[in-house]
Structure formats: C-alpha cells, structure tokens
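Below is one structure, written out as structure tokens; the observations come after it.
The values are calculated or read from the model by the stated rules, or taken from the named source; none is laboratory data. Here the structure is a predicted model, which is why all the values come from computation and not from measurement. With ideal geometry, Cβ positions are generated from the backbone for all residues, glycine too; neighbour counts draw on all protein chains shown.
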Amino acid sequence: MSGRDIVIVGGGIIGAAVAFHLACAGEGERVLLCERAAPAGAATSLAAALVGEARENLNLLPLVRQTRADIAMLEADFGEHVGLAEVGAVHVARDHAVAALDRLAATMRAQGVAVENLGASDAQARLPWLDAASCVRRLFFPAEAYVEPYLLASAYLRAAQRRGVACRTGFELAAVLVEGARVTGVRSSAGEHIGADVVVDAAGAWAALLPALLGLALPMAPVRSQYWITAVHSLFPRAAPIAVIPEARAYARPELGALLFGLREESSVAVDARRLPADLAGFVFDGADPAGWESLSAGAPALRSFFPALDEVGIAHHVSGPSTYTVDGHLVLGGFAGLAGLFVASGCNGAGIACSGGIGRVVGELVRGQEPFVDPAPHRPDRLGYCDPFAPELLARCAAQRSAKRSG
Ligand SMILES: Cc1cc2nc3c(=O)[nH]c(=O)nc-3n(C[C@H](O)[C@H](O)[C@H](O)COP(=O)(O)OP(=O)(O)OC[C@H]3O[C@@H](n4cnc5c(N)ncnc54)[C@H](O)[C@@H]3O)c2cc1C
C-alpha cells in the first residue's frame, strides 16, 4: 500500500473529507487533491448544512455519526472551528404525516437517538414563527445541528494538508488515464500528465463526466435544491431549533436573526451534468422559474398554514444549487468491476455535508482495500449496470427521488 500515488478530483467537502481520512490513516501514500476553482466554492458553500441523525434512511446514520465524530476531532485536535450549532430540531406533524413521524421517532429511539415530546407552549416559545398549537405531534431531537459548510470543508482540507496532503487549486482534470484494466494517472485540461495508481472522483455534480469518457456511467444527476432567507425579524431567535415540517415539504433553521427555509418541489428539476458550467454563479436550472418565485408560490400555501407571518416578514435571498441525486436514494461510493484504481465519492442525495465524514472514511478504507466500516454494496457506482447518466429518463428518476424525500 505504501508509496502509492492517489489523486483526488474536487476540493468540495467530499474531496476534502476523503483527503482527511486518507491523511489520518497515513500509510505512506502520496495524496494530491486537485480543484479547478477555489476549494469548497461550489455546492458545498451553498448548503443549508443540516447535519442531523434523524433520517428515515438508516444507511446514512453511521455516515452522519462519523461526520459528528470528525467535527469533534477537528475542533479538539486541530483547533478548527466549524460553526457547529447544536440547537436541536423540532419535527411537527398535523395530519397525514403523524404516523410517519411516530415511526421515525421509534426508529431513532431504537438507534439510541434522544427524542422528546414538546408541549404546544414549549414549542411556541422555541419557534415563535410556528403555529405550534395546530400541530398534533411536536417532537424534539436535541442533538440535531447545522454547521458552516465552508468552514467544515476548509477544516477537513487544512487538517489533511497538515498531515501531508498536497493541494493544487486552479487545476482542472480533463481525463483519467488507463492502461489495460488499471488507472495510471490523470491529464489536466492544460495537458499536464500526473501519474497515479488511484484516482478518487469527488467532483460533485460534475462527477459523472470523467467516468463517462471511459464508458462508465454513474446512476445520478444534478438536481436543483433551493432555499430562501427572510429578512431579519424578532420572530427568529438566533439560537432557535431547526424545524422540520413534512406536510409543508419544508425545513427551516436560524440564519443570523433571519429564517432560512427550504422547500422541496412536487416536481424537482434535474439538469444534464454536461450543461452545468464550472462556475455556478448565474446558472439557471429552470428558465421558467429563474429566481425560484414560482416554486415559492407553489409551496407557500402549505408553508403559510404553519408559518402564518410568511407574507409579512419579507424574503431577502434565494439560493439554489445542484445536489446530486441517484435513482434509488443510495449514494455513489466505491470502484468499478474490471477497472482497478478508479473510485467515486458522490451521489449524496442532499446529505453530502451531513455524511461527509462517513463518506471520507469509507472511501479511504476502500482505496486501501480495508474492510469498510459500513457495507458499501448498496452504494456501488455500478450497482445498476449501465444507465446513461445524461438520458432524460435518468434525470427524471433522480429528480423524482428528491421530490419523494420526507423533508428539505
Ligand atoms: C441549496 C442546497 C442546500 C443543501 N443543503 C444541505 C444540507 O442541509 N445538508 C447536507 O448534508 N447537504 C446539503 N446540500 C448538499 C451538499 O451541498 C452536497 O451534497 C455537498 O456539498 C457535495 O459536496 P461535493 O464535494 O461532492 O461537491 P462540490 O462542493 O460541488 O465540490 C465539487 C468540486 O469539484 C470541482 N471539480 C469538478 N470537476 C472538476 C475537475 N474536472 N477538475 C478539478 N476540479 C473539479 C468543483 O470545482 C467543485 O469545487 C445542499 C445543497 C444545495 C445546493
């Protein structure tokens, strides 16, 4: 194992977390992370960055727990500050979502996650903007949290660099080089060749592009995620809990005296990864709804019934960006049968910040040929055989996967 050359493509949170885990386990490999722009400047910097455990997909739980362990380590051992706000989350339901919330609470309790019932007045005091009295269930998950995603990604990368990982920015990779059935290196868009035994593709929404040049397909597509930030208002205490409202297809968290809220569209919008520019500034997913107003007005009636002051507080910002969703809700982690040395770390289904540490760890273990700490089989990139990552049917299935999520 020692002496191998490993190239990581992409300096978002996933590339940084893979670099961190490779560096921490340090078996003498030389690790180079290549980022074409600035680290953490793409999807990572846009994320709402909820890093909670309360999820229906139990496959993600150990990955999220690893992220939380990494955050503790980055803060204690590396002196990093990642803006962790452990404010807890209040999940509410009023009608058809009650049974699902009860199931989630039972599942989480069985996994050792703390869950408390909140009275209406208690919930109202914590979330002054929420019509708490109208909710039938108000469950509080005290360990739920959010982070500053740019700080967490930077912390992973700085810690990796302190343990010997090299980083080149402004450096775009154009091809993975292969001889026979194994990877031998990469070529930059400027024509530079770098030898490598292993390439880890952590290129986020663009991750399908390099494997496609080798005839390899990833079962994922970039899908629009978006949220809005209100004006600053006294209804939004700075240390309020996160709110999760499945019946409004919404989540919300404090944002510096304002409220950041995400809405999941009934019909999400996916894009062919080849159409996604390297610089996301100004990129529009949906020409018919460039600034998200249509989505907001479609979601507003349901949200307003939980958030009666929605129309009074004023919207200050709209943020949208690509999250990679897969056709089956699993991630895209690991290698390909028949090609040694190429690994992918992507397909995060809107949970890349929350799962970053676990993804970094499992991909590091796979690269080293070690027994992974979670079963990677459901996440294998080639689990569905060949499915064209740019075909309209695949894009539609990935968009539907986002729309079917319980919240956020
Ligand atoms: C609006 C929104 C809200 C979100 N909210 C949450 C949330 O609450 N919780 C959560 O866990 N997740 C959330 N996500 C998802 C999360 O942001 C992503 O899962 C995560 O950031 C993915 O990280 P990444 O490193 O894979 O991708 P990115 O951060 O996009 O990084 C990929 C990097 O690869 C680089 N790159 C691409 N191609 C090349 C190449 N050929 N050569 C060199 N470099 C290359 C890019 O420049 C980029 O910097 C949200 C996403 C969005 C858009």
Subset tally (residues that are of a type outside the set (D, E, K, R), in contact with a Leu (Cβ under 8 Å, 6 or more places away or on another chain) and free of Cβ contacts under 8 Å to residues at least 60 places away in the same chain) for the stretch 133-153: 1
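So which of Glu365, Glu312 ends up being touching a Pro at 6+ places or on another chain (Cβ under 7 Å), surrounded by fewer than 20 Cβ atoms within 10 Å (Cβ to Cβ) and in a helix (DSSP H, G or I)?
Details: Glu312 fails: touching a Pro at 6+ places or on another chain (Cβ under 7 Å).
Exactly one residue qualifies, and that residue is Glu365.
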Enumeration of residues in the stretch 161-176 that are farther than 12 Å from Ile8 by Cα and either touching a helix residue (DSSP H, G or I) at 6+ places or on another chain (Cβ under 9 Å) or basic (Lys, Arg) (or both): Gln161, Arg162, Arg163, Gly164, Ala174, Ala175
Any hit, the stretch 342-357, residues being at pLDDT below 95, out of contact with any Pro (no Cβ under 8 Å at 6 or more places or on another chain), more than 11 Å from the ligand (Cβ to nearest atom) and within 21 Å of Thr184 (Cβ to Cβ): no
Output for the stretch 225-260, where each listed residue is closer than 24 Å to Ala291 by Cα and of a type in the set (Val, Ile, Thr): Ile229, Thr230, Val232, Val244, Ile245
Of all residues making up the stretch 90-113, the number that are exposed (fewer than 13 other Cβ atoms within 10 Å of the Cβ) and small (Gly, Ala, Ser): 4
Qualifying positions in the stretch 195-234 - part of a helix (DSSP H, G or I), within 9 Å of the ligand (Cβ to nearest atom) and under 13 Å from Phe336 (Cβ atoms): Leu210
Subset of the stretch 9-38 (residues that are surrounded by 24 or more Cβ atoms within 10 Å (Cβ to Cβ) and either assigned to a loop (DSSP other than H, G, I, E, B) or in the same structural domain as Ala99 (by TED's automatic domain parsing) (or both)): Gly10, Gly11, Gly12
Test: residue in the stretch 146-165 that is exposed (fewer than 15 other Cβ atoms within 10 Å of the Cβ) and more than 18 Å from Val18 (Cβ to Cβ): no
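Kindly indicate whether any position in the stretch 388-395 is away from the ligand (no atom under 14 Å from the Cβ), in a helix (DSSP H, G or I) and crowded, with 20+ Cβ neighbours inside 10 Å.
Scanning the stretch 388-395, I find at least one residue that is away from the ligand (no atom under 14 Å from the Cβ), in a helix (DSSP H, G or I) and crowded, with 20+ Cβ neighbours inside 10 Å, so the answer is yes.
Inside the stretch 368-380, can you point out the residues that are of a type outside the set (D, E, K, R) and either away from the ligand (no atom under 16 Å from the Cβ) or surrounded by fewer than 18 Cβ atoms within 10 Å (Cβ to Cβ) (or both)?
Gly369, Gln370, Pro372, Phe373, Val374, Pro376, Ala377, Pro378
Any residue at all in the stretch 300-323 that is aromatic (Phe, Trp, Tyr), in contact with an Asp or Glu (Cβ under 9 Å, 6 or more places away or on another chain) and outside the structural domain of Arg380 (by TED's automatic domain parsing)?
Checking the stretch 300-323: at least one residue is aromatic (Phe, Trp, Tyr), in contact with an Asp or Glu (Cβ under 9 Å, 6 or more places away or on another chain) and outside the structural domain of Arg380 (by TED's automatic domain parsing).
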Among residues of the stretch 169-190, those that are away from the ligand (no atom under 14 Å from the Cβ) and assigned to a loop (DSSP other than H, G, I, E, B), counted: 2
Test: residue in the stretch 52-72 that is crowded, with 24+ Cβ neighbours inside 10 Å and closer than 25 Å to Gly341 by Cα: yes
Lone unmet requirement of (1) out of contact with any Phe, Trp or Tyr (no Cβ under 7 Å at 6 or more places or on another chain); (2) in contact (Cβ under 8 Å) with a residue 40 or more places away in the chain for Val284: (2)
Members of the stretch 277-303 that are within 24 Å of Gly204 (Cβ to Cβ) and buried (at least 20 other Cβ atoms within 10 Å of the Cβ): Phe285, Gly292, Ser295
